[in-house]
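The values are calculated or read from the model by the stated rules, or taken from the named source; none is laboratory data. The structure displayed is predicted, hence computed values, not measured ones. Positions of Cβ are generated from backbone atoms using ideal geometry, with glycine treated the same way; all protein chains shown enter the neighbour counts. All accessible areas refer to the heavy atoms of the entire protein, side chains included, with ligands and DNA or RNA removed. Shrake-Rupley method; radii C 1.70, N 1.55, O 1.52, S 1.80 Å.
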There are 4 protein chains.
Amino acid sequence: MERLPVLDKGFIELEEWMGGDAAVVRAARICYQSVARSADADERLIRRELRREPKVNTIFEHAVLRWHIKCPIFVARQWHRHRIGSFNELSLRYCIAERAYYVPENEANLDEYRAHMEASFDLYERLVAAGWRRERARAVLGTGVYTEFIWTVNAWSFMNWLTKRLDKAAQWEHRQYARAAYRIWQGIMPITANAFYEAVLKPLGLEVEE
Amino acid sequence: MERLPVLDKGFIELEEWMGGDAAVVRAARICYQSVARSADADERLIRRELRREPKVNTIFEHAVLRWHIKCPIFVARQWHRHRIGSFNELSLRYCIAERAYYVPENEANLDEYRAHMEASFDLYERLVAAGWRRERARAVLGTGVYTEFIWTVNAWSFMNWLTKRLDKAAQWEHRQYARAAYRIWQGIMPITANAFYEAVLKPLGLEVEE
Amino acid sequence: MERLPVLDKGFIELEEWMGGDAAVVRAARICYQSVARSADADERLIRRELRREPKVNTIFEHAVLRWHIKCPIFVARQWHRHRIGSFNELSLRYCIAERAYYVPENEANLDEYRAHMEASFDLYERLVAAGWRRERARAVLGTGVYTEFIWTVNAWSFMNWLTKRLDKAAQWEHRQYARAAYRIWQGIMPITANAFYEAVLKPLGLEVEE
Amino acid sequence: MERLPVLDKGFIELEEWMGGDAAVVRAARICYQSVARSADADERLIRRELRREPKVNTIFEHAVLRWHIKCPIFVARQWHRHRIGSFNELSLRYCIAERAYYVPENEANLDEYRAHMEASFDLYERLVAAGWRRERARAVLGTGVYTEFIWTVNAWSFMNWLTKRLDKAAQWEHRQYARAAYRIWQGIMPITANAFYEAVLKPLGLEVEE
């Protein structure tokens, strides 16, 4: 499956998926016990469902995606607030933290920033060596440190995340993950992804390209 | 995919699934950043996770199943109370009800029962012909009438449903669906299914065979 | 607390609530660590949050309502599809069904309809007397029979239900419950209810009055 | 409402609640349409429901609690993984971080630890002064820094959190919050809290006192 790099050391990868556009159509057609009458009837059905208000969200929940993400902790904290979905993250209670932290571009004081982040890993290692439990020693590691998790989410909850994280008011770093995720998703659910862009993202002025 | 008949006119069919036992292992191993050291290490991991209390439920949520079910409305009503999962049901607001109703075995008054159910369909059709909306005319159809729906559910929520619906206190008709579902599930997630039987169902005295 | 009659024999009653408009403000202000600077600042805050897109739904989840509802089974079935909330319903596995069914106004064949519904209760009672379990005998009772349940729901999920059930495409009978609920809710969360009407319902063309 | 101090600078406070033991009884009795026949019948009902397996969780969901918590970020991150409930947290995108961080007792290198945490706040302030957005400058603040949030949760989900966070395998710091929360909860839902201790916590060997 496709993996896209995000930020300086992060990535997002689609590990597995189920259902896709076909599952959306399957779910809508069982309600009406209807059958497609022409080649593009399914496409029109999905477009119609995404345009109408209020939307019938359940039909989009039968398409499911599992992502693997590496991102700074401050991005992960926002991400984990999306409750409809399943997360499993590497635990710094059991693992030793990898020395990987986010370095933004084009900011002042970057040398000082880097020196501090390195110092925090040095201290972290000394504390662990001195007998601190890993779960406690991590207190010194900044939220710019990278973490990794997998995320299983249905297409409806995923679209909700996209709408919130592609928003101009969302944090720039998180937005980069949303854009990369949209690009990968478009490859496997093209009808829903394009209809969602036309019906929801574009009217809100949200862009999926840089 | 496999479809099993249940009751006199119902069925349960697995339409699609994702992840399986491998996704459970994937999710557990990202927490610990561990790798399998031997052939049966994954199997032992799943067994251990299902035995421990409290359980780490999230690792089972990355395995997802989509079922197609035909069952009496009174069974569907219980089923839809399980909130972690996605349902789409055929709608008697838009469709004309199929003349299919549940007839139990070995009960008294079955002729009278059948005659009444037939009469309710006759009346339903007369009401629709007389101009009642379908959504209103269905008021005369008993909860023994069959309905159909699709259900997308993760393995953790599915196991919760199994525990509740295999229970001796659960309605006999619902239990038949749970047993059929268990048998199909065992074919695609054998390690989790067997470990779940040993760690949860058996200690509760619940049986998956008639 | 207030109870409003709905349909011929149903009702909706607010049994208890928590938080109200104040909880919405409390939740929003903890994010920004802000304090109200003037008397109507809180009101403007709620209005602003309901107008913006995408909305920050979590701040509305700290206001919680418990309702008691009596409605036909076909309405309850739609209601229970709203998964963010808690339901407990009287169970026809344990209780004997009350002889109460919905009779619509201004329809043809109402005598025939009433006679059939009465006959279904007569048969139900004969089946129970003949030894059928209640949970099985209910198969003959139509979905027009009244049921009762309590529903605890946060204000965000409640607003989602209102949007879907006040819709012109929603079933007329369900819409009557949504309108009655809105009227009661307006009495206890006036700022949120009015702002919701202005920001969401009115632009969709949905009316809360007959 | 009661506030208890936890760790060196944290606390947990119950801000508001609804329903309590009475709501549990209310929800159970609507299922059976039953009434209490004696003074302690309600207490026995709650005890019975918590002892049986599988439990009828919905009846405990009509009791709702709103907590205000101040805890280290590493504790908050675990807390926010509990998805059935509503969180609003102070945002370091909008607010300037308060110079408050967790200092464990009885560990080696505490002077060095404190010096590093102070240095991280010094750097944070320099970065903000140099034009970094707050949301980005927070990358240098360790997960031992205190945060604040409110949490609205029903009693069932709260009991699930207690079971997981009172566990001996849970992080010690998180366990202190669970113990304090249990003590406060016991004051407002004594029947459920005591029955839960007897039926669930004690058999698992979990202690609510130090």
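Key figures for this structure:
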{"item": "Checking residue B:120 against (1) within 21 Å of the chain's Cα centre (by Cα); (2) assigned to a helix (DSSP H, G or I), the condition it does not meet", "result": "(1)"}
{"item": "Criterion: more than 24 Å from residue D:181 (Cα to Cα), part of a helix (DSSP H, G or I) and not small (Gly, Ala, Ser) - qualifying residue of D:30, D:59", "result": "D:30"}
{"item": "For residue C:72: the one exception among (1) open to solvent by less than 50 Å² (accessible area, probe 1.4 Å); (2) under 30 Å from residue A:165 (Cβ atoms)", "result": "(2)"}
{"item": "Whichever residue in region C:65-74 is among the aliphatic types (A, V, I, L, M) and within 13 Å of chain D (Cβ to nearest Cβ) and, among such residues, is nearest to residue C:21 (Cα to Cα)", "result": "C:65"}
{"item": "Total residues in region A:171-193, condition farther than 19 Å from residue A:4 by Cβ and either among the hydroxyl-bearing types (Ser, Thr, Tyr) or surrounded by fewer than 20 Cβ atoms within 10 Å (Cβ to Cβ) (or both)", "result": "1"}
{"item": "Residue selected from region A:116-135 under the condition facing chain D (nearest Cβ under 7 Å) and in contact with a Leu (Cβ under 8 Å, 6 or more places away or on another chain), by the criterion farthest from residue D:117 (Cα to Cα)", "result": "A:135"}
{"item": "Single residue of A:77, A:29 found to be out of contact with any His (no Cβ under 7 Å at 6 or more places or on another chain), open to solvent by 20 Å² or more (accessible area, probe 1.4 Å), within 14 Å of chain B (Cβ to nearest Cβ) and basic (Lys, Arg)", "result": "A:29"}
{"item": "Members of region D:84-93 found to be assigned to a strand (DSSP E or B) and either among the small types (Gly, Ala, Ser) or over 12 Å from the mean Cα position of the chain (by Cα) (or both), listed by number", "result": "D:86, D:88, D:89"}
{"item": "Criterion violated by residue A:35 - all others in (1) farther than 18 Å from residue B:150 by Cα; (2) within 14 Å of chain B (Cβ to nearest Cβ); (3) open to solvent by 20 Å² or more (accessible area, probe 1.4 Å) satisfied", "result": "(1)"}
{"item": "Members of region D:38-54 found to be closer than 21 Å to residue B:84 by Cα and open to solvent by 30 Å² or more (accessible area, probe 1.4 Å), listed by number", "result": "D:53"}
{"item": "Residue list for region B:153-187, restricted to those being touching a Gly at 6+ places or on another chain (Cβ under 6 Å) and either among the aliphatic types (A, V, I, L, M) or not in a helix (DSSP H, G or I) (or both)", "result": "B:153"}
{"item": "Hits in region D:80-91 (condition: more than 13 Å from chain C (Cβ to nearest Cβ) and open to solvent by 40 Å² or more (accessible area, probe 1.4 Å))", "result": "D:81"}
{"item": "Pair list, Cβ under 8 Å, 6 or more apart: region D:2-21 residue part of a strand (DSSP E or B), other residue surrounded by 20 or more Cβ atoms within 10 Å (Cβ to Cβ) and among the polar types (S, T, N, Q)", "result": "D:6/D:176"}
{"item": "Verdict on residue D:63 being open to solvent by less than 50 Å² (accessible area, probe 1.4 Å), of a type in the set (Gly, Ala, Ser) and out of contact with any Gly (no Cβ under 6 Å at 6 or more places or on another chain)", "result": "no"}
{"item": "Of the criteria (1) open to solvent by 50 Å² or more (accessible area, probe 1.4 Å); (2) within 7 Å of chain D (Cβ to nearest Cβ), which one residue A:207 fails", "result": "(2)"}
{"item": "Residue check, residue D:94 within 7 Å of another protein chain (Cβ to nearest Cβ), open to solvent by 10 Å² or more (accessible area, probe 1.4 Å) and not charged (D, E, K, R)", "result": "yes"}
{"item": "Any hit, region C:144-152, residues being within 7 Å of another protein chain (Cβ to nearest Cβ), open to solvent by less than 10 Å² (accessible area, probe 1.4 Å) and over 11 Å from the mean Cα position of the chain (by Cα)", "result": "yes"}
{"item": "Single residue of B:66, B:81, B:77 found to be in a loop (DSSP other than H, G, I, E, B) and modelled with pLDDT of 95 or more", "result": "B:81"}
{"item": "Single residue of C:112, C:105 found to be modelled with pLDDT of 95 or more, open to solvent by 20 Å² or more (accessible area, probe 1.4 Å) and more than 7 Å from every other protein chain (Cβ to nearest Cβ)", "result": "C:105"}
{"item": "Which numbered condition residue A:139 fails, given (1) within 14 Å of chain D (Cβ to nearest Cβ); (2) in contact (Cβ under 8 Å) with a residue 12 or more places away in the chain; (3) part of a helix (DSSP H, G or I); (4) not β-branched (Val, Ile, Thr)", "result": "(2)"}
{"item": "Some residue of region A:36-43 being assigned to a helix (DSSP H, G or I) and not acidic (Asp, Glu)", "result": "yes"}
{"item": "Neighbours by Cβ (under 8 Å, 6+ apart or cross-chain): first from region D:31-50, polar (S, T, N, Q); second open to solvent by 40 Å² or more (accessible area, probe 1.4 Å)", "result": "D:33/C:94"}
